[in-house]
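Please read the structure below before turning to the comments.
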Amino acid sequence: MSIARKEIVGGLKELQSQENVRPDPRAFPSHLFGFSHPLKRRRLGIDEVASGNPAANPTGSRHSVSHDRNKPLQEKLPSQPADQAPPTGETNISNKFEFLIRAAKAQTGVLSESQKELVIANKRIADLTKQLDYAREECDSHYAKLNLTSKDYEKCRKKSLEDKLEWEAQEKDLKREKSELSSALEEAKDEIARSFMKGFHRAIEQVNILFPNTDLSVVDPLKIAVDGKIVAE
């Protein structure tokens, strides 16, 4: 059960202002103490009981308090014992002060529990914040590694592309050189064949001069002499 803080402060100020003054029962709202009827009527009933009027108190009790559960603060107020004198204004002030103290203690207990829960919640938030910071650090670390790996991959890719282009250029140069060498070789072969045939014909002309009656028609640069005969190689 809790009570509004304004009610407590207001009650304490009211007690301070009425410390040396006999309180008027009408000054205290009956709902704060759980009375089922105004204080004035209740005091009149007590006076009638004191004068011996049985109609004013048919139960024979000198003090009764309403315990209507629908009214606020009922269960905080103890019932007046039958063998005690009726409450005076000072007693009412004391009871009210006592009630306010109990209510303040109850509020203090609730506040203490709330503070404990707040401490637990703050600790939990601090732990979660640490975990979040750690997760962020891990994420940043992985991102940095991934970024570094990505940069290394990009460097390797560029290097590979450059090497490929360089190799393709070298391949083209080699193909060109090979083609040039092949052409030069063929030209050299042709030149050698031409030179050979030219030298052979010169030799035949010289032999005709030396031996004009000799038949040199069977002589061929691609034939060889075997056992005194000219045969194909």
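The values are calculated or read from the model by the stated rules, or taken from the named source; none is laboratory data. Computed from a predicted structure; not experimentally measured. No Cβ is skipped: glycine too gets one built from the backbone with ideal geometry, and neighbour counts run over all protein chains shown.
Could you say which residue among A193, A169, A225 is loosely packed, with under 10 Cβ neighbours inside 10 Å and of a type in the set (A, V, I, L, M)? Steps first, answer last, please.
Working: A193 fails: loosely packed, with under 10 Cβ neighbours inside 10 Å; A169 fails: loosely packed, with under 10 Cβ neighbours inside 10 Å.
Answer to the selection: A225.
Determine, yes or no, whether S112 is surrounded by 10 or more Cβ atoms within 10 Å (Cβ to Cβ), of a type in the set (S, T, N, Q) and either part of a loop (DSSP other than H, G, I, E, B) or at pLDDT below 85 (or both). Talk me through it step by step, then tell me what you get.
Values: surrounded by 10 or more Cβ atoms within 10 Å (Cβ to Cβ): yes; of a type in the set (S, T, N, Q): yes; either part of a loop (DSSP other than H, G, I, E, B) or at pLDDT below 85 (or both): yes.
Yes: the conditions hold for S112.
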Exercise for the section: Test N213 against the stated conditions and say whether it is exposed (fewer than 10 other Cβ atoms within 10 Å of the Cβ), closer than 30 Å to E233 by Cα and of a type outside the set (A, V, I, L, M, F, W, C). Expected result: yes
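Residue check: is L174 under 60 Å from the mean Cα position of the chain (by Cα), assigned to a helix (DSSP H, G or I) and either within 26 Å of P221 (Cβ to Cβ) or not assigned by TED's automatic domain parsing to the domain that holds K223 (or both)?
Values: under 60 Å from the mean Cα position of the chain (by Cα): yes; assigned to a helix (DSSP H, G or I): yes; either within 26 Å of P221 (Cβ to Cβ) or not assigned by TED's automatic domain parsing to the domain that holds K223 (or both): yes.
Spelling it out, L174 is indeed under 60 Å from the mean Cα position of the chain (by Cα), assigned to a helix (DSSP H, G or I) and either within 26 Å of P221 (Cβ to Cβ) or not assigned by TED's automatic domain parsing to the domain that holds K223 (or both).
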Problem - Evaluation of D152 against (1) within 40 Å of the chain's Cα centre (by Cα); (2) of a type outside the set (G, A, S); (3) modelled with pLDDT of 90 or more (one fails), failing number - result: (3)
